[in-house]
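So the structure is just underneath, and the comments pick up after that.
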Amino acid sequence: MASPNDRPIGVFDSGFGGLTVARALIDLLPNEQIIYIGDSARYPYGPRPASEVRAFSVEIVDHLVNVEGVKMVVVACNTASAFALDELRERFDIPILGVIDPGLRSAARATRNGAIGVIGTVGTIASGAYQNHARLMNIKSRVYCFACPGFVEFVERGEFDSDQVHVLAERLLEPLIDLGIDTLLLGCTHYPFLARTIADVMGREVLLISSAEETAFDVREMLERAGMARSDEGARSHRFLSSGDVGWFVEMGGRLLGPELDHAECVVFGH
């Protein structure tokens with residue numbers, strides 16, 4: 001009889017951004033199997049009302065728990081982490097992690113002058129989640145949050161370093177440059193795909209932080225602490241599901257994640 005520890009880890013995002021977290025998990029936890037859901041039929045979550053993001057998140061986690069039988073869920077989406085994490089933890093009796101706390105913790109350790117910038121979607125920034133979590137975590141640094149509308153759409157089109165995205169980045173990031181931050185937290189899992197453009201605009205003195213690796217470390221710690229880690233070794237066959245165009249998801253996702261994403265399944269959610 002299979003051990004409960006052999007169950008997979010569920011990961012979800014509105015589209016491709018959470019693949020940065022999936023990549024970190026695959027690299028750090030080679031014994032574990034990942035089931036990733038990209039809700040690409042309904043992306044981006046950033047401009048959507050909080051109630052809608054919560055409803056989508058509950059629907060996806062219900063599928064991961066009750067259909068796929070996962071042992072834990074990583075909400076690899078900052079907007080869903082901001083709006084839905086508390087409700088998900090109340091509804092489902094498995095460990096559920098978001099990406100906000102791990103990213104903040106990493107940025108707080110990295111800053112030299114105590115001025116941290118956070119960029120995210122309109123929804124994430126408007127929620128005040130990063131400031132609230134920084135207070136709860138007793139982070140002493142100043143945390144300046146700015147929305148970057150348009151970044152997610154560029155990533156979802158596979159447009160990472162065009163002149164257009166560079167011009168948009170210059171306009172959106174100028175206030176953070178003026179504030180003199182030395183650490184910039186990419187508060188959307190899509191944004192690491194624009195890291196080269198963002199770094200070019202911010203300058204070499206500013207350190208960019210992605211929450212993906214820090215989230216993977218949190219997952220490993222939680223699995224070990226709860227005795228839920230998969231102990232047997234061997235290559236794992238990860239699964240990828242998309243609520244949108246599966247062919248496009250495989251084409252784009254394979255470029256972003258790597259050879260593990262060579263096939264995807266269609267999953268249908270209500271509207």
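Here is how the numbers come out for the structure above:
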item: The stretch 71-110 - Rg over Rh from alpha carbon coordinates, Kirkwood radius; result: 1.03
item: Gain upon complete extension [GLU265, LEU136; 0.36 nm per residue less C-alpha separation]; result: 42.5 nm
item: Value of relative contact order over the chain, rounded to a whole percent, pairs C-alpha under 8 Å and six or more apart; result: 26
item: GNM flexibility winner over the chain from ALA107, ALA55, ALA147 (Cα, springs under 10 Å); result: ALA55
item: log10 of Debye I(q)/I(0), alpha-carbon scatterers only, for the stretch 100-211 at 0.10, 0.19, 0.22, 0.24 Å⁻¹; result: -0.25, -0.92, -1.23, -1.44
item: Computed FRET value (nearest 0.05) for SER162 with SER3, which takes r as the C-beta separation and R₀ as 41 Å; result: 0.30
item: Simple label model, 7 Å out from Cα along Cβ direction - TRP248 to ASP62, nm; result: 2.6
item: Of the DSSP H helices in the chain, those whose Cα atoms cover at least 20 Å axially and whose Kyte score averages 0.0 or more; result: 50-66, 163-179
item: Cα-based equivalent ellipsoid, the stretch 145-215: semi-axes from gyration tensor eigenvalues, Å; result: 17, 15, 10
item: Length gained when the stretch ASP27-ARG112 is fully extended (0.36 nm per residue, less Cα-Cα span); result: 27.7 nm
item: Cα centroid of the stretch 105-169 to Cα centroid of the stretch 196-244, whole Å; result: 17
item: Virtual spin-label span in nm between ASP86 and GLU233, 7 Å along Cα→Cβ; result: 4.5
item: Max mean-square fluctuation residue, GNM over the chain, Cα-Cα springs under 10 Å, options ASP232, ASP27, ASP218; result: ASP232
item: Selected from PRO44, PRO259, PRO149 as most flexible by GNM, with the chain as the system and alpha-carbon contacts under 10 Å; result: PRO259
item: Total formal charge among the other residues, if their Cβ is under 11 angstrom from that of GLU170, Lys/Arg +1 and Asp/Glu -1; result: -2
item: Identified option (computed Cα extents along the principal axes in Å; candidates (1) 59, 40, 36; (2) 58, 43, 39; (3) 47, 38, 38); result: (1)
item: Longest to shortest principal axis, alpha-carbon extents of the stretch 230-271, angstrom; result: 39, 25, 12
item: Summed side-chain charge close to HIS133 - residues other than HIS133 whose Cβ falls under 10 Å, Lys, Arg +1, Asp, Glu -1; result: +1
item: Rounded to whole Å, sorted largest first: equivalent-ellipsoid semi-axes of the stretch 1-156, Cα gyration tensor; result: 26, 18, 15
item: MRE, 222 nm, helices only [DSSP H, n ≥ 4, -39500 (n - 2.57), over the chain, to nearest 500]; result: -14000 deg cm²/dmol
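Here, each number is a calculation from the coordinates, and none is a lab measurement. None of these values were measured; they are calculated from a predicted model. Neighbour counts run over all protein chains shown; Cβ positions are idealised from the backbone, glycine included.
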